[in-house]
Amino acid sequence: MLSRALPILGATAIALVITPTALAQDSRPVPYDYHNGVVVELTNPGGSPAGANVPCTSAQEPVVLVHNTSGNKQIGWQTLAPLLANEGRCVVSFTYGDVGGPWPIDAVGGLGPIDAAAHEMAAFVDEVLARTGAAKVDVVGHSQGTLVPSQWVQFQGGADKVDDYVSLAPLWHGTDAFGSQTPDAVRPALEAVCAACVDMLPGSPFLERLRNTGIFEPSIDYTNILTSHDQTVVPYTSGYAEAPNVTNIVLQDVCPSSTAGHLGLLADPAAAELVLGALDDHSPIDSASCGQER
């Protein structure tokens, strides 16, 4: 399932423009294990993943990493943050939608309304642009972190501040994982704990408003990366959407043997290469290299 046909065969190298400053940086280890992020959060509470939120110089747009529900700026990005930094990219991440309080309470983000989260992202990106002097950013989001930037782009002035927009496990049609038939009596209780979860139910006012805009800004290059083993975005095809400036990639179309699920997508070697390719004008990857780590 691909739109804007993406070649996946033939050995190719992913080449990124790297400045001398970026090249001078030491190469960082890249762990391909999502659970490594939990260990790091315990040993470095409230910290950032390797390669993120550090001074850097790059000729390319800063890459903003936007986490999932119950995630934060550190846990989910143990693979992509150092990988992108090793490729010469300036990488930034932030936590949104937490309830406040001391750690570990504030380590759980993505719980508040998505509209409020988008305002947090708007302020963060403005600070990044001011600090780096860049005109735009690239966005890499996961799960709810694919919807937050869309809200910012469509309704909060972000449309002219994004170049490439890569979505891992997106859910443009919502997810039935919570149960689309959630009784009305239960929804207030769910919203009190996780307002974003209600926003992500199929047919929610949030999703309907977003979808009524067409979701995708014509000036931005979008890539949706899905996994058929997703048990959180149900059905996984909720992340598939057609538009002239959208490329849809199902991981198993590239690597049929991949069993990466919703969280595993963040640490899957092939998915990581697809992210790099999407940020580099869709440089193809070699299907024979599936599962190979850098």
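Beyond 28 Å, the tail of the calculated P(r) for the chain holds 32 percent of the Cα pairs.
Using alpha carbons only, how many angstrom separate the centre of the range 39-55 from the centre of the range 69-129? One Cα centre to the other: 11 Å. Along the axis of the charge dipole computed for the chain (Cβ charges of +1 for Lys and Arg, -1 for Asp and Glu, origin at the Cα centre), the listed residues LEU171, GLY112, GLY47 are led at the positive end by GLY47.
Note on the range 33-281: with charges restricted to the Cβ of Lys and Arg (+1) and Asp and Glu (-1), its dipole about the Cα centre is near 300 debye. Can you list the residues, at least 5 places off or on another chain, whose amide H is less than 5 Å from the amide H of VAL162, using H built in the peptide plane? Counting only residues 5 or more places away or on other chains, the set is VAL137.
Net length available on complete extension from ARG211 to ASN44 is 56.3 nm, with 0.36 nm assigned per residue and the Cα-Cα distance removed. Taking every alpha-carbon pair under 8 Å whose residues sit at least 6 apart, the range 45-136 reaches a relative contact order of 32 percent. At full extension, SER27 and ASP163 could sit 46.4 nm farther apart than now, given 0.36 nm per residue minus the alpha carbon distance.
Compare the peptides 96-107, 44-55 by average per-residue count of other Cβ atoms within 10 angstrom and give them in order, highest first.
Output ranking for 96-107, 44-55: 44-55, 96-107.
When the range 33-281 is described by a simple charge dipole with +1 on each Lys and Arg Cβ and -1 on each Asp and Glu Cβ, the residue from SER204, ALA85, ALA278 located farthest towards its positive end is SER204. Its relative contact order, with pairs defined as Cα atoms under 8 Å and 6+ residues apart, puts the range 33-281 at 18 percent. The distance between label points at ASP253 and GLN292 comes to 2.3 nm (points 7 Å beyond Cα on the Cα→Cβ vector).
May I ask you to derive the relative contact order of the range 137-281, considering only C-alpha pairs under 8 Å and at least 6 residues apart, and to give it as an integer percent? That works out to 27 percent. Length available on full extension from GLU127 to ASP106: 0.36 nm per residue minus the Cα-Cα distance, which gives 5.4 nm.
Coordinate-derived values only; no laboratory data. These numbers come from a predicted model, not from an experiment. Cβ coordinates were reconstructed from backbone atoms using ideal geometry, including for glycine residues, and neighbour counts include every protein chain displayed.
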